[in-house]
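The values are calculated or read from the model by the stated rules, or taken from the named source; none is laboratory data. Remember, it's a predicted structure, so these values are computed and weren't measured experimentally. No Cβ is skipped: glycine too gets one built from the backbone with ideal geometry, and neighbour counts run over all protein chains shown. We work out accessible area using only protein heavy atoms, side chains counted, and drop any ligands, DNA or RNA first. Shrake-Rupley method; radii C 1.70, N 1.55, O 1.52, S 1.80 Å.
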Amino acid sequence: MKMINKLSPYESGMEVIDVGEEHIRRPEVLVTGGSGLVGSMINGEAKINSSFDLRDKNVTDKLFSDLRPKNVIHCAAKVGGLGSNMNYKGEFFYDNIMINTNVIEACRKYDVKKLICFLSTCVFPDKTTYPLTSKQIHSGEPHESNYPYAYAKRMAEVQIRAYREQYGLEYISVIPTNIYGPNDNFNLDNGHVIPSLIHKCYLARENKTDLVIWGSGSPLREFIYSEDVAKLTEWALEEYNSSDPLILSTSEETSIKNIVDIIVDIMKFKGNIVWDKSKPDGQFRKPSDNSKIKKYAPFFKFTPIEDGLRKTIDWFESNYKNIRK
Ligand code: GDP
């Protein structure tokens, strides 16, 4: 697969990232969410960004009937951290259920051979047993802080499974744990914890103020570097074909406190750290079972969290002016 990143105008006035002035037809791989955290790291002949409103069935249909991609990696979603999941519940449900329904149906209608659809560990029940396995997705209510997003993503799993059973399609879903890396949304209120904290630490260092962290610091998460997710997704495109969603995880839990320590160290922040306990901790932990990856891709080496954070912070500091924030 080739990495193509030239922007060119698309017929409808929107933009598609493609090979040049001519719009490509029948790309080997189309990536939705192509400029986002994961999509930007995936090799794809064609990538589309958020200027295509995939919530709109007509836009989605036109895109697929024009491009006729052979394979699709579907990363596009309305995403955000704990703050935005709690503040924009209606939008998180509507946008995601529409995007997924339209994209998966368009893949079927326009003969996409293989589709990889991104879910999230938010799909799992709040009260459950650990480690999380794909069998547990529908076995209880998701955490109250992100249930609209979780239910919308659960329905993508249902749609994929139903299409496999009725139409015999090679469509699969993957469940990455907490992803971080370049091209993330570094917004202070709506971003995920790592990009928000990098940005907060930067401002606290520059303005010589306290660094204020939400919650107690004790919750645990399994962080995975975006490039690792992209590589595993490209591997899955060739090698994985099962109705059982594939969990993409290091299976290594890290506390928020530990993440703060590493970020502060890399960014050379010398000021005070304040834990704002009036802010939510969210789910305490959600450890997942990565035995399938270990079994099918035993050669895969995950990026250590310190290395991934260093690369992300380097990227953030070099691109500060132009990043999403
Ligand atoms: P989650 O895994 O869906 O909960 O995603 P997040 O990336 O939003 O991580 C939330 C965890 O990080 C919670 O335990 C928060 O209390 C903690 N946290 C600490 N500071 C921040 C922050 O500035 N932004 C976010 N989103 N979370 C923070």
Seminar exercise, completed: Taking the stretch 166-201 and the residues there that are of a type in the set (Phe, Trp, Tyr) and over 22 Å from residue 35 (Cβ atoms), the one that is farthest from the ligand (Cβ to nearest atom) would be 167
Exercise. Mind checking whether some residue in the stretch 156-175 is of a type in the set (Asp, Glu) and over 26 Å from residue 103 (Cβ atoms)?
Worked result: no
Seminar exercise, completed: Residue hits (the stretch 265-290; open to solvent by less than 30 Å² (accessible area, probe 1.4 Å) and either more than 11 Å from the ligand (Cβ to nearest atom) or at negative phi (or both)) are 266, 267, 269, 283, 286, 287, 288, 290
Exercise. Does any residue of the stretch 185-196 turn out to be within 15 Å of the chain's Cα centre (by Cα), open to solvent by 50 Å² or more (accessible area, probe 1.4 Å) and closer than 18 Å to residue 249 by Cα?
Worked result: yes
For this session: Just name the residue that is farthest from the ligand (Cβ to nearest atom) out of those in the stretch 140-150 that are open to solvent by less than 50 Å² (accessible area, probe 1.4 Å) and more than 15 Å from residue 96 (Cα to Cα).
Result: 140
For this session: For the stretch 136-143, state whether one or more residues are without any contact (Cβ under 8 Å) to a residue 60 or more places away in the chain and closer than 21 Å to residue 193 by Cα.
Result: yes
Problem set entry | Identity of the residue in the stretch 201-212, of a type outside the set (A, V, I, L, M, F, W, C) and touching a residue at least 60 places away in the same chain (Cβ under 8 Å), that ends up surrounded by the fewest Cβ atoms within 10 Å (Cβ to Cβ) | 208
For this session: Please work out which residue is nearest to residue 280 (Cα to Cα), limiting yourself to the stretch 213-252 and to residues that are open to solvent by 60 Å² or more (accessible area, probe 1.4 Å) and either in a loop (DSSP other than H, G, I, E, B) or within 16 Å of the ligand (Cβ to nearest atom) (or both).
Result: 214
Exercise. Which residues, taken from the stretch 108-130, are within 13 Å of the ligand (Cβ to nearest atom) and not in a loop (DSSP other than H, G, I, E, B)?
Worked result: 121, 122, 123
Exercise. So, of the residues in the stretch 151-175 that are in contact with a Cys (Cβ under 9 Å, 6 or more places away or on another chain) and among the charged types (D, E, K, R), which turns out to be surrounded by the most Cβ atoms within 10 Å (Cβ to Cβ)?
Worked result: 153
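Residue-wise test of (1) more than 28 Å from residue 285 (Cβ to Cβ); (2) open to solvent by 20 Å² or more (accessible area, probe 1.4 Å).
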residue	(1), (2)
62	yes, yes
69	yes, no
79	no, yes
88	no, yes
93	no, yes
96	no, no
106	yes, no
112	yes, no
123	no, no
Seminar exercise, completed: Of the residues in the stretch 291-323, those that are open to solvent by 100 Å² or more (accessible area, probe 1.4 Å) and within 15 Å of the ligand (Cβ to nearest atom) number 0
Problem set entry | Only one of 156, 230, 150 that is within 22 Å of residue 92 (Cα to Cα), out of contact with any Gly (no Cβ under 8 Å at 6 or more places or on another chain), touching a residue at least 40 places away in the same chain (Cβ under 8 Å) and not charged (D, E, K, R) | 156
